[in-house]
Structure formats: structure tokens, C-alpha cells
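Below are the C-alpha cells for one structure; questions will follow.
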Amino acid sequence: MSGLLNALVIVVVAALVIVRQFRASRIDTDRRWWLLPGVLAVIALREPDLLGARHHTESALVLGAELIVALAMGAAWAWTTRIWMEPDGAVWSKSTKASVAVWGAGIGLRAGLFGVGSLLGIHQDSAALMLGLAATLLVRSGLLIWRVQSLNQAPAHAPAYGDLVPRSPWKERV
């Protein structure tokens, strides 16, 4: 795929994800939540110039840093997303204001990595950005599914603080 088409795919997917995250949406654990990130990763990995030809090692380091930022951003985004269960058992999610901060920090860090790469003369293609987006979406979706499954396994009545501490029938000496 051309760089322009990659950039268009990135912008469209990011816009859809960002717009949808601030509306309450039902989480369906039976869906193939990994499909969109998988398709984005395959498209990115098929690009021949994912790593720069002249600065192969430095390019790999910048790509690794990009993926670390993407994974951290996906995890932080998942943990700042509010989930709740309706009485009928449906699970819903909606991002919070903290999610906006996560997105801002992630975009800032990625822009900083791009700047560092440019200063070092490393060629960076849109495939690296697409691979980072795929990693972010995969981690976020996986953690949300995990949170939903742990929500489904929670007891109907959560014990209050101190309920699990066995009480002694007699007073302890001080």
C-alpha cells in the first residue's frame, strides 16, 4: 500500500475509535475483538520499508520505543475506561476524561519519538504508526475483555471490608 493510503487508513481508524470511545457502547465478548488490530498489523508488517535501510539498528530502536508507548497507551486507555453491567447482563463501556489525557500523552510521546528519529536521520514510514495503532487497539480490547470477564465472575454480593477477617470470640490482650 502507498504511504498516502496508509495515512488515510490510520486517520479513518483513529477517528472512528476516538469518536466511538466517548459514547457508551456495548461490549460483546463473543465478537472477534482482535480482528481490526490484526488486519492493521498485517497491513503494516507487509510494508517493505518498515525499518529504514540506512539506519537499520536505530530504526529498530525507534520502532521498539513506538511499540512500548503504544502498548502502555493501550493499557492505560483500557484502565481509564469505565465499564458497567446492566440488570439484563449487558456490559457497557465509555471512556472517561482520563482517557483524553492518555490519548494526549500518547500522541505527545509519539510525536517526540518522530522528532528524535528525524533528528537522527531515520526514515519513518506510516507503517510504524499503523503497527503502533494496532498494538494500542489490541491491548485495549484484550484488557477490556479481561475486565468484563472478571466483572462477570464477581459475586452478586461483594463482601464488605472486614467480612473476610475471622473474628476471635474473645478479646485479645493489649
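The values are calculated or read from the model by the stated rules, or taken from the named source; none is laboratory data. The structure displayed is predicted, hence computed values, not measured ones. Counting neighbours? That spans all protein chains shown, and the Cβs are built from the backbone with ideal geometry, glycine included. Quick note on the areas: whole protein, heavy atoms, side chains included, nothing else; ligands and nucleic acids left out. Shrake-Rupley method; radii C 1.70, N 1.55, O 1.52, S 1.80 Å.
Could you give the radius of gyration (one decimal) and Dmax (whole number) of the Cα atoms in region 23-74, in Å?
When restricted to Cα atoms, region 23-74 yields Rg and Dmax of 15.3, 47 Å.
Taking the highest mean first, how do the peptides 120-128, 80-88 order by number of other beta carbon atoms within 10 angstrom per residue?
120-128, 80-88
Could you calculate the contour length gain from residue 98 to residue 120, that is, 0.36 nm times the residue separation minus the distance between their Cα atoms, to one decimal place in nm?
The residue 98-residue 120 span can extend by a further 4.6 nm.
At a 1.4 Å probe, what is the % contribution of carbon and sulfur to the accessible area of region 3-115?
So the carbon and sulfur contribution to the accessible surface is 69 percent.
Rolling a 1.4 angstrom probe over the protein heavy atoms, how many square angstrom per residue are accessible across region 31-112?
On a per-residue basis, region 31-112 sits at 59 Å².
By the scheme Lys and Arg +1, Asp and Glu -1, what is the net charge of all other residues having a beta-carbon under 13 Å from that of residue 148?
+2
Taking the Cα centroid of region 19-37 and of region 83-159, what is the distance between the two, rounded to the nearest whole Å?
Result: 12 Å between the Cα centres.
Extending each Cα 7 Å along its Cβ direction at residue 31 and residue 88, get the distance between those two points in nm, one decimal.
1.7
OK, next. Can you give me the Kirkwood hydrodynamic radius for region 53-150, using every pair of distinct Cα atoms, in Å to one decimal?
14.7
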